[in-house]
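Structure record follows, encoded as structure tokens.
Taken together, the values in this text are just the output of simple stated rules run on the coordinates, not laboratory data. Model, not experiment: these values are computed from the prediction. Because the Cβ atoms are built from the backbone with ideal geometry, glycine has one as well, and the counts that use them run over all protein chains shown.
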Amino acid sequence: MPDALCEVRSHHRAGLFAARNIPDQDVSDPDRRPENPPHTIRLGLKMLTLGVATSHAPAILLPVDDWPRAYELMRGDVAQPLSAAQENAATNAAAKRRIDANLARLRSVIQEADPDVLIIIGDDQAEVFGSAFNPTLAVYCGTEVSGHTLPRFADQPGIDERIDMKCGAEFATALATGLVESSFDVAVMTELKPLSKPHGIGHAFTRPGRFLGIADMGIPIVPVFLNCYFNPLPTAARCYELGVAIREIADSRPERVAVLASGGLSHDPAGPRAGWIDCDLDNWVLNKLREGQGRELENLFTVDSGTYHGGTGEIRAWITAAGAFDTLPAEVVDYIPLHHAVTGLAFAYWQRPEQVNDQLAQQSAS
Ligand SMILES: [Fe+2]
């Protein structure tokens, strides 16, 4: 790490930026409007440092011996493609090793980035929300969240785990404020009261919180709920612009910010295409991200094809992350179309180049 950046980081830790006059925000109080909203404060620092994207299928956390049971549960009575018959205990064990290696790599880039706050863009599948209330976009601005990693398998001792994660409430409030001012009409939550299931926050947040070690690292999260499952769904173009807005807000903040897209790629667990994986779609998406052409995903869901239904809609989280990093090519770590996971598993990240960090350090020092 360059010395200048170390200096910036140590000042940061020492509270240099805390001394700056950033107004307190309370978006739960409609009468309290900040005189100088956070996203209009320009500190000259680009603080969005890292983006990570990962599938969150239960197989990622489940022991490989439990995959057949999970596969059976999620595919139901849907006839399976011929390629599914090629998976067996040996290929599953090899896939599990690949998954674990991919997770280790993502954990290391998160550790290296050392973010002050991690925005998790994830969906809710009738967990916190439900028929009584189902927002297109919501930001959780509380101080902590809890949930279970594998509620479907909670009857099997030793597999399901409760997870507690602290949250970056101050940043979340600034993010919600900035998004509203950027014409995103977000629902703002300062309490988490699940409407549908009693477990707490949903699997899109708890599973990566566990398998990427976010809770263990003590990184405060900011849950951003993005509807990916239930009509009416946000367009891909809107998701991309959401990512752009997130970047602009993060870049105006003193915190080192990372973004995590949780979900995808093609899958339809317990749906009419359960176990079928659209490799062509997944590879096209990954290639666009790899080439820094995420904006070409803006029309992805324009055609209402059945292949876009179900969990495949979670690609919206990836498109949002792509918007946050725009033309920066993603490092696609791996893609594993795995019938036993009922998902095209994918892992990727975006790292801002070191020279950008150097420029930030120089700007801060001047
Ligand atoms: Fe999901």
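Would you kindly work out the equivalent ellipsoid of segment 48-350 from its C-alpha gyration tensor and give its semi-axes, the square roots of five times the eigenvalues, largest first in whole Å?
Working: eigenvalues 151, 88, 74 Å².
Whole-Å semi-axes of the equivalent ellipsoid: 27, 21, 19.
Tell me, what is the FRET efficiency for ALA93 and GLU181 to the nearest 0.05, using R0 = 51 angstrom and their Cβ-Cβ distance as r? Kindly include the intermediate steps, with their values, before the conclusion.
Details: r = 50 Å, r/R0 = 0.99.
That gives a FRET efficiency of 0.50.
Rank-order 300-309, 118-127 by packing density, defined as the average count of other C-beta atoms within 10 Å over each peptide's residues, highest first. Working shown, then result.
Working: 300-309: 14.6, 118-127: 25.7.
Top to bottom by mean Cβ count within 10 Å: 118-127, 300-309.
Grab the Cα-Cα distance for ASP114 and THR190, subtract it from 0.36 nm times how many residues apart they are, and report the gain in nm with one decimal.
On the way: separation 76, 0.36 × 76 = 27.36 nm, distance 2.55 nm.
That works out to 24.8 nm of additional length.
Give me the extension gain from SER83 to ARG290: residue separation times 0.36 nm, minus the current Cα-Cα distance, reported in nm with one decimal.
Numbers: separation 207, 0.36 × 207 = 74.52 nm, distance 2.63 nm.
Gain on extension, SER83 to ARG290, equals 71.9 nm.
Under the 0.36 nm per residue contour assumption, what length would be gained going from the current alpha-carbon distance of ASP280 and SER146 to full extension?
Stretched out fully, the ASP280 to SER146 stretch lengthens by 44.6 nm.
Over its Cα atoms, what ratio of radius of gyration to 2.2 N^0.38 Å does segment 170-241 give?
On the way: Rg = 14.0 Å, N = 72, 2.2 N^0.38 = 11.2 Å.
Against the compact-globule rule of thumb, the ratio is 1.25.
P(r) tail for segment 153-297, what percent of Cα pairs lie past 26 Å? Write down the numbers at each step before the final one.
Details: 3703 of 10440 pairs.
The proportion of pairs with Cα distances above 26 Å equals 35 percent.
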